[in-house]
Amino acid sequence: MNGRATDLVVVGAGPAGAAAAMQAAALGVRTVLLEDEAAAGGQVYRAPATTRDMARSPERRQGDALRAALAGSSVQVEHGQKVWSVSGQYRVDVLGPQGPGHWQAPALIVATGALERVVPFPGWTLPGVVGLAAATILLKAHGMAPGERTLVAGAGPLLAAVAVGIVKAGGKVAAVVDLATPGEWAACLPAMAGRPDLLARGAGWLARLRLAGVPILTGHALAAVAATPDGLRATVQPVDSLGRPIPGGAATSFEVDAVAVGHGLIPSTDVTRLLRVEHWFDPASVTWRPALDAGFRTTRAGVYVAGDGGGVLGVAAAGLQGRLAGLAVALDLGRLSQVQHDARAEKLRRKLARAARFGAAMARMMAPRPGQFAAIPADAIVCRCEDVTRAEIEEAAAEGACEVNQLKAWTRCGMGPCQGRVCGDTAAALLAQFHASDRETTGLFTGRTPLRPLPLDQLTGEYGYADITLPPPAPL
Amino acid sequence: MTEAFDVAVVGAGVMGATTALHLARAGMRTALIDRGAICREASGVNAGTLTLHMTRAVLIPYAIRGRQLWLDAPDWLGMDAGARATPGLSVAFTPAERDMLEHRAAARRAEGAPIELVTPAQARAIEPGLNGDIIAAAHCALDGHVTAYLTGRAYRRALVAAGATLMEQHPVAGIDRAGGQFAIRVAGQPAVRARRLVLAGGVWLEAMLGWLGLHVPVKCLINQLVVTERMRPVMRSVLGIANGLLSLKQFENGTVLIGGGWQGIGDPARGGVEAIPDNLIGNVRLARAAIPALAEGRVARIWLGLESETADALPMIGPLPGIGDAYVIGCVHSGYTSGPFMGKLLADHILDREPELPLFDPARLVQPQRAATLEKTP
Ligand SMILES: Cc1cc2nc3c(=O)[nH]c(=O)nc-3n(C[C@H](O)[C@H](O)[C@H](O)COP(=O)(O)OP(=O)(O)OC[C@H]3O[C@@H](n4cnc5c(N)ncnc54)[C@H](O)[C@@H]3O)c2cc1C
Ligand SMILES: Cc1cc2nc3c(=O)[nH]c(=O)nc-3n(C[C@H](O)[C@H](O)[C@H](O)COP(=O)(O)OP(=O)(O)OC[C@H]3O[C@@H](n4cnc5c(N)ncnc54)[C@H](O)[C@@H]3O)c2cc1C
């Protein structure tokens, strides 16, 4: 496959990317939507991977509707395409079932979603300990619980969603362990009031868990998970509002075979860091976000970000942002006049404000607390690809590493297959804590290609020596 | 006002850091200033190849000494930066490459590199991972590699121990001369004053020399490097091709580094911003042609670093013409290999010690149309 030209490339077919692509295409913008997975839907609207009869959740219905709408649109949807490079203005390289190829378009919407955050604790790398995100993938794609008896721990609304999913899939939940207190949840109510449907859904989840007899421990955190001959022992302890263990607080242990744990989501900034657009650190969600204008334009002309990749605000906001970004592209490419654009955008913006208010409240609830980083033991692994511990990070900090890229060079933290997607946030938080500096000072890992690991045989294809295009030889 | 430093070195790559280290150890009050962190540009992101197969022929005597210093780093630097001695091979796949191989081996041998031609079978005995399709090979017993990303950590420890003052995150904006001293202007900080000045700014040397009114064009190469995920041992040598477009090695941790000077996009102002996908594919195809088992691996990361080159492609190391007590060091081809030696040479010159090998007079490179404007020292 050689380079093909189009007007707009959208990366990621979650709710944001799908909405953006359909909006732009409906206005006459030739649009290609590239998606790594076999079907559109993203995290929330993930399509099932099995033909097993699975419970039909509202997400499943909405996801099916989204996939049907995409199929009926003029968007060219390309599945199974790993986007591994963005260069020029803009060349998007993919690796798909047919090998490498690329697209060329003046406009690019990045809708690559979010990554899960787990703040390390002793035992977080044991088999059987999974992220809340991984648990939702199992539940949504395969209708499977992570184990027979799972402890669900961490922060934010995913806790209840995962716990209910496990119960529905026929699994047992040993307990839900929430960093937040009921008081903190209550403080979110005003922001949540704009979405009574979601509020009701959350209440429904809690009722369902109570009915199933699942203990809910609020103001608690996972202290450690240890392997036992029969499975895992998860120990939890009470924490204060900063996430610090309360001295003398009574620890409780659970015998389980799986632990699902997560501390919120962080925008996936791989593409925007690669393109070196401006980013800012948002202390409320404790995440780095690309700087965006009202049309979801980044600081680089022709590059837009919609959905979680710009800041995690939930599925409703993602779809609305996608539509607004699609409108902005149509405006910028001359398919819409400013007046036409504004008339359409205004209504969407009002809806988005409401959705975003809810989403931001949830993002705050998910955000990690400083005490969690402080509580990481010295010998706990932070970078699981390269086995770098907190002690090694702090030793490098003491020798003068003030910023994450220097830290990476000196310790290999973030150099493995995940390229810092898992450890980067914790490493930066630990550096900032050690030097009493801030996340602006500790910075961001430099974004580079490939955005996903590239199998060398697929990248090179089959070729003879004479097929290699060589530049002139180096001088003697 | 604080007392002036005996010397200020601007640019904390391997050139500046080595020079500063030796000056500090000789008792000079030394400031080492960098706009970023120590050894995070070329000196921290390069391929770390200690090969003579790719070194400019006239620099071979310097590279041999630099390579030995890297291998002895625990003794004089205080930390092993991962330097390992390995055999080095350069191979040819085509008759044209074979001719180039023979010619280049002879030229480098004449400068003292112990390079000998070997048969393809002998080459495969040295490097069992090698493709059976090669038609000629040259072997050098002196080769090896360093883990370049550890450079800053090693030098920083040594500099701190030697009492040098390290000023990282100090972007220098210009230099004034007053009262026989240099006043080094740093954005957002008080000026740093010093009696002597060493400019060691890598690809930024053209701008730095401009501060002193000297016009010396410096070309910027945007070199691409590719690293795989960890894989089973697939090779044990440092491997190249006669045309110099491949440098290949596997580290102890199993990752394989693929280089060879393929170019990306960038410039001194923006850095190395973008890999060119076709150049990535070309470079990786060449690597897989040399070591077929690389097909099992996955590319983990591609990056770009900036390498400097003068008009005649030879280094500038020595006193700046017409400006007393000011020196420059940089633009050394395969400069990571020879860096520990080059920095020592300049330090010896500054300390009035007889340098072991000749310096590279920067005066030859100064363009006359923009002559020095600074007051001359008596
Ligand atoms: C596990 C999990 C569960 C969540 N559950 C909820 C929930 O219940 N309710 C809620 O409101 N929010 C939830 N969220 C937040 C949710 O991510 C967003 O609200 C919403 O899905 C964001 O949509 P999006 O389109 O921005 O990203 P996503 O839905 O994540 O979609 C991004 C898409 O881009 C694709 N992609 C990424 N990189 C590449 C690449 N290099 N090449 C090709 N394709 C690529 C991905 O495969 C994915 O399909 C959850 C998030 C996660 C991670
Ligand atoms: C990708 C790549 C691969 C390479 N591979 C090899 C190899 O395998 N073997 C080998 O021998 N050589 C190799 N080289 C060459 C080698 O890396 C360089 O020759 C050497 O590192 C140059 O060192 P330096 O100190 O001159 O420059 P640099 O390391 O670039 O240092 C210059 C310093 O000046 C600082 N600076 C710039 N402007 C300012 C300012 N205004 N104020 C303060 N400080 C400033 C910079 O921040 C930087 O730290 C490679 C180079 C590259 C780029």
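The values are calculated or read from the model by the stated rules, or taken from the named source; none is laboratory data. What you see is a predicted model, and the numbers here were worked out from it, not measured in a lab. Glycine also receives a Cβ, built like all others from the backbone with ideal geometry; neighbour counts cover every protein chain displayed.
Out of the residues in region B:242-261 that are among the polar types (S, T, N, Q) and surrounded by 24 or more Cβ atoms within 10 Å (Cβ to Cβ), state the one that is farthest from the other protein chains (Cβ to nearest Cβ). Break it down stepwise before answering.
In the first step, residues of region B:242-261 are kept if they are among the polar types (S, T, N, Q); the result is B:243, B:247, B:250, B:253, B:255.
Subset that is surrounded by 24 or more Cβ atoms within 10 Å (Cβ to Cβ): B:247, B:250.
On the way: B:Ser247: 10, B:Gln250: 14 Å.
Among residues in region B:242-261 that are among the polar types (S, T, N, Q) and surrounded by 24 or more Cβ atoms within 10 Å (Cβ to Cβ), the one farthest from the other protein chains (Cβ to nearest Cβ) is B:Gln250.
Conditions tested, residue by residue: (1) more than 30 Å from B:Gly132 (Cα to Cα); (2) away from ligand 1 (no atom under 16 Å from the Cβ); (3) in the same structural domain as B:Cys39 (by TED's automatic domain parsing); (4) surrounded by fewer than 18 Cβ atoms within 10 Å (Cβ to Cβ).
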position: B:Gln263; (1), (2), (3), (4): no, yes, no, yes
position: B:Gly272; (1), (2), (3), (4): yes, yes, no, no
position: B:Ile281; (1), (2), (3), (4): no, yes, no, no
position: B:Pro292; (1), (2), (3), (4): no, yes, no, yes
Under the condition of being within 14 Å of another protein chain (Cβ to nearest Cβ) and not polar (S, T, N, Q), which residue from region B:161-183 is surrounded by the fewest Cβ atoms within 10 Å (Cβ to Cβ)? B:Ala161
Based on this model, can you work out whether A:Val94 counts as of a type in the set (Val, Ile, Thr) and within 14 Å of another protein chain (Cβ to nearest Cβ)? yes
For region A:344-352, check the following and say yes or no: at least one residue is within 23 Å of A:Gly28 (Cα to Cα) and touching a residue at least 60 places away in the same chain (Cβ under 8 Å). no
Out of all the residues in region B:252-279, which are within 25 Å of A:Cys385 (Cα to Cα) and either among the basic types (Lys, Arg) or in contact with a strand residue (DSSP E or B) (Cβ under 6 Å, 6 or more places away or on another chain) (or both)? B:Thr255, B:Val256, B:Leu257, B:Ile258, B:Gly259, B:Ala275
Within region B:12-37, which residues are crowded, with 24+ Cβ neighbours inside 10 Å, touching a strand residue (DSSP E or B) at 6+ places or on another chain (Cβ under 9 Å) and not small (Gly, Ala, Ser)? B:Met15, B:Thr18, B:Thr19, B:Leu21, B:Leu23, B:Thr30, B:Leu32, B:Ile33, B:Asp34
Looking at B:Pro233, is it more than 20 Å from the chain's Cα centre (by Cα), within 16 Å of ligand 1 (Cβ to nearest atom) and more than 13 Å from B:Arg301 (Cβ to Cβ)? no
Qualifying helices (runs of 4 or more DSSP H) (wholly inside region A:324-417; at least 2 residues being within 14 Å of chain B (Cβ to nearest Cβ) and crowded, with 21+ Cβ neighbours inside 10 Å): A:390-398, A:404-411
Every residue from region B:262-278 that is at the interface with another protein chain (Cβ under 8 Å from one of its Cβ atoms) and at pLDDT 95 or above: B:Trp262, B:Gln263, B:Ile265
Might you check whether a residue that is more than 16 Å from ligand 2 (Cβ to nearest atom), more than 29 Å from A:Ala160 (Cα to Cα) and not in a strand (DSSP E or B) occurs anywhere in region A:301-319? yes
Could you tell me whether A:Val9 is over 21 Å from the mean Cα position of the chain (by Cα) and either away from ligand 1 (no atom under 15 Å from the Cβ) or away from chain B (no Cβ under 14 Å) (or both)? no
Scan region B:206-227 and give yes if some residue there is surrounded by fewer than 20 Cβ atoms within 10 Å (Cβ to Cβ), more than 16 Å from ligand 1 (Cβ to nearest atom) and facing chain A (nearest Cβ under 10 Å), otherwise no. yes
If B:Arg124 satisfies every condition in (1) over 30 Å from B:Ala37 (Cβ atoms); (2) under 22 Å from the mean Cα position of the chain (by Cα) but one, which is the exception? (2)
Can you work out which of the residues in region A:88-142 that are among the polar types (S, T, N, Q) and near ligand 1 (Cβ under 10 Å from one of its atoms) is surrounded by the most Cβ atoms within 10 Å (Cβ to Cβ)? A:Thr112
When you go through B:Met79, B:Met54 one by one, which is the residue that is surrounded by fewer than 21 Cβ atoms within 10 Å (Cβ to Cβ), within 14 Å of chain A (Cβ to nearest Cβ) and either part of a loop (DSSP other than H, G, I, E, B) or within 14 Å of ligand 2 (Cβ to nearest atom) (or both)? B:Met79
Of all residues being under 25 Å from B:Arg84 (Cα atoms) and in a helix (DSSP H, G or I) in region B:21-50, which is farthest from ligand 2 (Cβ to nearest atom)? Just the residue, please. B:His22
Flagged in region B:66-76 as surrounded by fewer than 18 Cβ atoms within 10 Å (Cβ to Cβ) and within 14 Å of ligand 2 (Cβ to nearest atom), in numbering order, are B:Gln68, B:Leu71
Give the residue, chosen from B:Gly163, B:Gly129, B:Gly112, B:Gly180, that is over 18 Å from B:Gly343 (Cα atoms) and in the same structural domain as B:Gly13 (by TED's automatic domain parsing). B:Gly180
I'd like the full set of residues that are surrounded by 16 or more Cβ atoms within 10 Å (Cβ to Cβ) and assigned to a strand (DSSP E or B), limited to region A:277-300. A:His279, A:Phe281, A:Asp282, A:Thr287, A:Trp288, A:Arg289, A:Pro290, A:Arg297
Can you list the strands (runs of 3 or more DSSP E) found entirely within region B:94-196 that contain at least 3 residues being under 28 Å from B:Phe251 (Cα atoms)? B:115-118, B:136-145
